[in-house]
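To start, the structure under review is shown below, and the notes come after it.
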Amino acid sequence: RSAFADPAAAPEAKTALVGRLFAGLGVPARTILSTVVATRWSTQDDLLAGIEELGIRAIARSAPAGTTIEDELFAFGTAVASNADLELAVSSKLGTNEAKAALVTALLGGASMHSIAIVRHLVQQPRGRRIAELLSSSATAVADEASLAIATVTSAATLSAAQLERLSEGLAAKYGRGIRLNQVVDPSIIGGISVQIGDDMIDGTVSTRLTQLRLQLAG
(Lines give C-alpha, C1' and ligand atoms only; values in the text may rest on other atoms or scores of the structure.)
Protein backbone atom coordinates (compact mmCIF):
# COMPACT_ATOMS: atom_id res chain seq x y z
CA ARG A 1 0.00 0.00 0.00
CA SER A 2 2.83 2.35 0.85
CA ALA A 3 4.51 1.75 -2.50
CA PHE A 4 1.32 2.24 -4.48
CA ALA A 5 0.28 5.40 -2.61
CA ASP A 6 3.75 6.97 -2.50
CA PRO A 7 3.44 10.34 -4.30
CA ALA A 8 7.19 10.42 -4.91
CA ALA A 9 7.25 7.09 -6.75
CA ALA A 10 7.23 7.12 -10.55
CA PRO A 11 3.96 5.90 -12.13
CA GLU A 12 5.94 3.49 -14.29
CA ALA A 13 7.44 1.85 -11.20
CA LYS A 14 4.00 1.45 -9.66
CA THR A 15 2.50 -0.13 -12.76
CA ALA A 16 5.48 -2.47 -13.04
CA LEU A 17 4.86 -3.54 -9.44
CA VAL A 18 1.22 -4.26 -10.28
CA GLY A 19 2.39 -6.51 -13.09
CA ARG A 20 4.72 -8.46 -10.79
CA LEU A 21 2.36 -8.81 -7.81
CA PHE A 22 -0.87 -9.47 -9.69
CA ALA A 23 0.34 -11.45 -12.68
CA GLY A 24 -2.40 -14.00 -12.00
CA LEU A 25 -5.19 -11.48 -12.61
CA GLY A 26 -6.78 -10.94 -15.98
CA VAL A 27 -5.49 -8.23 -18.29
CA PRO A 28 -8.52 -5.94 -17.77
CA ALA A 29 -8.11 -6.03 -13.98
CA ARG A 30 -4.38 -5.36 -14.19
CA THR A 31 -4.97 -2.50 -16.60
CA ILE A 32 -7.45 -0.87 -14.23
CA LEU A 33 -5.17 -1.36 -11.22
CA SER A 34 -2.25 0.12 -13.15
CA THR A 35 -4.32 3.20 -13.95
CA VAL A 36 -5.42 3.51 -10.33
CA VAL A 37 -1.96 3.29 -8.77
CA ALA A 38 -0.50 5.68 -11.33
CA THR A 39 -2.91 8.34 -10.04
CA ARG A 40 -1.95 10.51 -7.07
CA TRP A 41 -3.72 9.57 -3.80
CA SER A 42 -3.78 11.52 -0.55
CA THR A 43 -3.58 8.45 1.69
CA GLN A 44 -3.36 4.68 1.52
CA ASP A 45 -6.95 4.49 2.79
CA ASP A 46 -8.12 6.65 -0.12
CA LEU A 47 -6.36 4.30 -2.53
CA LEU A 48 -8.07 1.28 -1.01
CA ALA A 49 -11.45 3.03 -1.04
CA GLY A 50 -10.98 3.90 -4.70
CA ILE A 51 -10.17 0.32 -5.67
CA GLU A 52 -13.11 -0.93 -3.62
CA GLU A 53 -15.57 1.43 -5.30
CA LEU A 54 -14.34 0.41 -8.74
CA GLY A 55 -14.97 -3.22 -7.81
CA ILE A 56 -18.49 -2.44 -6.60
CA ARG A 57 -19.23 -0.47 -9.77
CA ALA A 58 -17.90 -3.34 -11.89
CA ILE A 59 -20.23 -5.77 -10.10
CA ALA A 60 -23.15 -3.38 -10.63
CA ARG A 61 -22.37 -3.00 -14.33
CA SER A 62 -22.21 -6.77 -14.81
CA ALA A 63 -25.69 -7.32 -13.36
CA PRO A 64 -28.55 -8.12 -15.77
CA ALA A 65 -31.12 -5.41 -16.44
CA GLY A 66 -33.73 -5.25 -13.71
CA THR A 67 -31.41 -6.37 -10.92
CA THR A 68 -32.07 -3.98 -8.03
CA ILE A 69 -28.81 -4.32 -6.13
CA GLU A 70 -29.28 -0.99 -4.33
CA ASP A 71 -32.68 -2.11 -2.99
CA GLU A 72 -31.21 -5.36 -1.70
CA LEU A 73 -28.33 -3.52 -0.02
CA PHE A 74 -30.78 -1.09 1.58
CA ALA A 75 -32.96 -3.95 2.85
CA PHE A 76 -29.97 -5.72 4.39
CA GLY A 77 -28.75 -2.45 5.91
CA THR A 78 -32.18 -1.86 7.47
CA ALA A 79 -32.14 -5.37 8.94
CA VAL A 80 -28.69 -4.84 10.40
CA ALA A 81 -29.58 -1.44 11.84
CA SER A 82 -32.67 -2.84 13.57
CA ASN A 83 -30.98 -5.90 15.08
CA ALA A 84 -28.04 -5.35 17.43
CA ASP A 85 -27.16 -9.05 17.52
CA LEU A 86 -27.02 -9.23 13.74
CA GLU A 87 -24.87 -6.10 13.52
CA LEU A 88 -22.48 -7.60 16.07
CA ALA A 89 -22.34 -10.89 14.17
CA VAL A 90 -21.33 -9.29 10.87
CA SER A 91 -18.99 -6.65 12.28
CA SER A 92 -17.35 -8.14 15.38
CA LYS A 93 -13.57 -8.52 15.22
CA LEU A 94 -13.97 -11.77 17.14
CA GLY A 95 -15.67 -13.52 14.23
CA THR A 96 -13.69 -14.98 11.34
CA ASN A 97 -14.06 -13.65 7.82
CA GLU A 98 -15.21 -17.07 6.67
CA ALA A 99 -17.99 -17.17 9.29
CA LYS A 100 -19.17 -13.67 8.41
CA ALA A 101 -19.23 -14.47 4.71
CA ALA A 102 -21.15 -17.69 5.34
CA LEU A 103 -23.69 -15.83 7.50
CA VAL A 104 -24.23 -13.17 4.83
CA THR A 105 -24.68 -15.82 2.15
CA ALA A 106 -27.29 -17.59 4.27
CA LEU A 107 -29.18 -14.39 5.13
CA LEU A 108 -29.20 -13.13 1.55
CA GLY A 109 -30.22 -16.43 0.01
CA GLY A 110 -32.97 -14.78 -2.04
CA ALA A 111 -30.86 -11.84 -3.20
CA SER A 112 -28.86 -11.56 -6.41
CA MET A 113 -25.36 -12.99 -6.57
CA HIS A 114 -24.15 -9.44 -7.19
CA SER A 115 -25.54 -8.12 -3.89
CA ILE A 116 -24.17 -11.13 -2.04
CA ALA A 117 -20.70 -10.56 -3.51
CA ILE A 118 -20.72 -6.91 -2.41
CA VAL A 119 -21.92 -7.63 1.14
CA ARG A 120 -19.51 -10.55 1.57
CA HIS A 121 -16.65 -8.21 0.68
CA LEU A 122 -17.85 -5.45 3.02
CA VAL A 123 -18.16 -7.67 6.10
CA GLN A 124 -14.73 -9.16 5.47
CA GLN A 125 -12.99 -5.85 4.77
CA PRO A 126 -14.65 -3.22 6.99
CA ARG A 127 -11.36 -1.44 7.74
CA GLY A 128 -12.78 0.19 10.86
CA ARG A 129 -15.98 1.35 9.16
CA ARG A 130 -19.54 0.61 10.32
CA ILE A 131 -21.39 -1.90 8.18
CA ALA A 132 -24.49 0.31 7.86
CA GLU A 133 -22.39 3.14 6.42
CA LEU A 134 -20.65 0.74 4.04
CA LEU A 135 -23.95 -0.61 2.76
CA SER A 136 -25.30 2.91 2.25
CA SER A 137 -22.24 4.15 0.35
CA SER A 138 -22.16 0.98 -1.76
CA ALA A 139 -25.84 1.39 -2.67
CA THR A 140 -25.10 4.98 -3.70
CA ALA A 141 -22.25 3.83 -5.96
CA VAL A 142 -24.44 1.14 -7.52
CA ALA A 143 -27.23 3.64 -8.20
CA ASP A 144 -24.79 6.19 -9.62
CA GLU A 145 -23.43 3.57 -12.02
CA ALA A 146 -26.99 3.30 -13.38
CA SER A 147 -27.26 7.13 -13.54
CA LEU A 148 -29.68 7.12 -10.62
CA ALA A 149 -29.72 8.91 -7.28
CA ILE A 150 -30.93 7.31 -4.05
CA ALA A 151 -33.49 9.19 -2.00
CA THR A 152 -34.26 7.97 1.51
CA VAL A 153 -37.80 9.02 2.36
CA THR A 154 -38.85 8.96 6.01
CA SER A 155 -42.55 9.24 6.86
CA ALA A 156 -44.78 8.55 9.86
CA ALA A 157 -46.83 6.03 7.85
CA THR A 158 -46.29 4.05 4.68
CA LEU A 159 -46.75 6.20 1.59
CA SER A 160 -48.96 4.95 -1.21
CA ALA A 161 -47.63 3.96 -4.60
CA ALA A 162 -49.18 7.09 -6.12
CA GLN A 163 -47.53 9.32 -3.50
CA LEU A 164 -44.16 7.69 -4.07
CA GLU A 165 -44.50 8.09 -7.83
CA ARG A 166 -45.31 11.80 -7.55
CA LEU A 167 -42.41 12.30 -5.16
CA SER A 168 -40.05 10.42 -7.46
CA GLU A 169 -41.10 12.51 -10.45
CA GLY A 170 -40.65 15.76 -8.52
CA LEU A 171 -37.20 14.79 -7.28
CA ALA A 172 -36.14 13.59 -10.73
CA ALA A 173 -37.11 16.97 -12.18
CA LYS A 174 -35.21 18.78 -9.42
CA TYR A 175 -32.00 16.73 -9.66
CA GLY A 176 -32.02 15.98 -13.37
CA ARG A 177 -31.67 12.21 -13.06
CA GLY A 178 -33.69 9.14 -12.20
CA ILE A 179 -34.49 8.55 -8.55
CA ARG A 180 -34.50 5.31 -6.60
CA LEU A 181 -36.66 5.71 -3.49
CA ASN A 182 -36.00 3.92 -0.20
CA GLN A 183 -38.83 4.31 2.26
CA VAL A 184 -38.40 4.36 6.06
CA VAL A 185 -41.42 4.46 8.37
CA ASP A 186 -40.83 6.31 11.65
CA PRO A 187 -43.99 7.13 13.68
CA SER A 188 -41.97 9.42 15.97
CA ILE A 189 -41.88 12.15 13.31
CA ILE A 190 -45.67 12.47 13.81
CA GLY A 191 -46.40 13.60 10.25
CA GLY A 192 -44.92 15.02 7.08
CA ILE A 193 -41.84 13.56 5.40
CA SER A 194 -38.10 14.05 5.16
CA VAL A 195 -36.05 13.25 2.07
CA GLN A 196 -32.28 12.75 2.00
CA ILE A 197 -30.31 12.58 -1.25
CA GLY A 198 -26.59 12.46 -0.65
CA ASP A 199 -25.73 15.46 1.52
CA ASP A 200 -29.05 17.20 0.76
CA MET A 201 -31.80 16.99 3.37
CA ILE A 202 -35.37 18.19 2.81
CA ASP A 203 -37.05 18.04 6.21
CA GLY A 204 -40.77 18.71 6.32
CA THR A 205 -41.64 16.56 9.31
CA VAL A 206 -44.02 17.73 11.99
CA SER A 207 -41.56 16.84 14.75
CA THR A 208 -38.89 19.11 13.23
CA ARG A 209 -41.37 21.96 12.83
CA LEU A 210 -42.43 21.60 16.47
CA THR A 211 -38.80 21.66 17.58
CA GLN A 212 -38.18 24.82 15.55
CA LEU A 213 -41.28 26.42 17.04
CA ARG A 214 -40.16 25.60 20.58
CA LEU A 215 -36.75 27.13 19.88
CA GLN A 216 -38.39 30.29 18.52
CA LEU A 217 -40.62 30.59 21.58
CA ALA A 218 -37.67 29.99 23.91
CA GLY A 219 -35.64 32.67 22.14
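Things to note:
- Seen from Arg177, the other residues with C-beta closer than 15 Å to its C-beta sum to a net charge of -3, counting Lys and Arg as +1 and Asp and Glu as -1.
- Beta bridges from DSSP with both residues in the chain: antiparallel share about 50 percent, rounded to the nearest 5.
- Farthest toward positive dipole pole in the chain [+1 Lys/Arg, -1 Asp/Glu at C-beta], among Ala84, Gly24, Leu134: Gly24
- In this structure the amide hydrogen of Gln183, modeled in the peptide plane, comes within under 5 Å of the amide hydrogens of Val153, none closer than 5 places in sequence on its chain.
- All aspartates and glutamates inside 18 Å of Lys14 as judged from Cα atoms, apart from same-chain residues fewer than 8 positions distant: Asp6, Asp45, Asp46
- Magnitude of the charge dipole for the chain, about its Cα centre and with charges confined to Cβ atoms of Lys, Arg (+1) and Asp, Glu (-1), is about 340 debye.
- R0 of 35 Å, Cβ-Cβ distance Gln183-Arg129: FRET efficiency to nearest 0.05: 0.90
- 0 to 90° range, to nearest 10: angle between helix 44-62 axis and the chain longest Cα axis: 80 degrees
- In a DSSP loop and with at most 14 other Cβ atoms within 10 Å, the trypsin sites (Lys or Arg not before Pro) in the stretch 96-173 are Arg127, Arg129, Arg130.
- Note that the stretch 94-99 has calculated 3J(HN,Hα) couplings of 6, x, 7, 4, 5, 5 Hz, one per residue in order, obtained from phi through the Karplus relation 6.51 cos²θ - 1.76 cosθ + 1.60 (θ = phi - 60°); glycine and proline are x.
- In Å², nearest 10: area of Ser160 left accessible to a 1.4 Å probe: 50 Å²
- Prolate/oblate/rounded call for the stretch 147-202, Cα gyration tensor, a/c under 1.5 rounded: prolate
- 1.4 Å probe accessible area per residue over the chain, in Å²: 58 Å²
- Site pair Gln196 and Val27 shows an inter-label distance of 4.5 nm when each label is modelled 7 Å from Cα along Cα→Cβ.
- Spacing of the two label points (7 Å from each Cα toward its C-beta) at Gln216 and Ser160, in nm: 3.1 nm
- Farthest towards the positive end of the charge dipole of the chain, among the residues Ala99, Leu171, Pro11, is the Cα of Pro11, using unit charges on the Cβ of Lys, Arg, Asp and Glu.
- In order along the stretch 168-185, the phi-based Karplus estimate (6.51 cos²θ - 1.76 cosθ + 1.60, θ = phi - 60°) of 3J(HN,Hα) comes to 4, 5, x, 5, 4, 5, 6, 9, x, 7, x, 10, 9, 8, 10, 9, 10, 9 Hz; Gly and Pro are listed as x.
The values are calculated or read from the model by the stated rules, or taken from the named source; none is laboratory data. Here the structure is a predicted model, which is why all the values come from computation and not from measurement. In this analysis, Cβ positions are derived from the backbone assuming ideal geometry, glycine residues included, and neighbour counts consider all displayed protein chains. We work out accessible area using only protein heavy atoms, side chains counted, and drop any ligands, DNA or RNA first. Shrake-Rupley method; radii C 1.70, N 1.55, O 1.52, S 1.80 Å.
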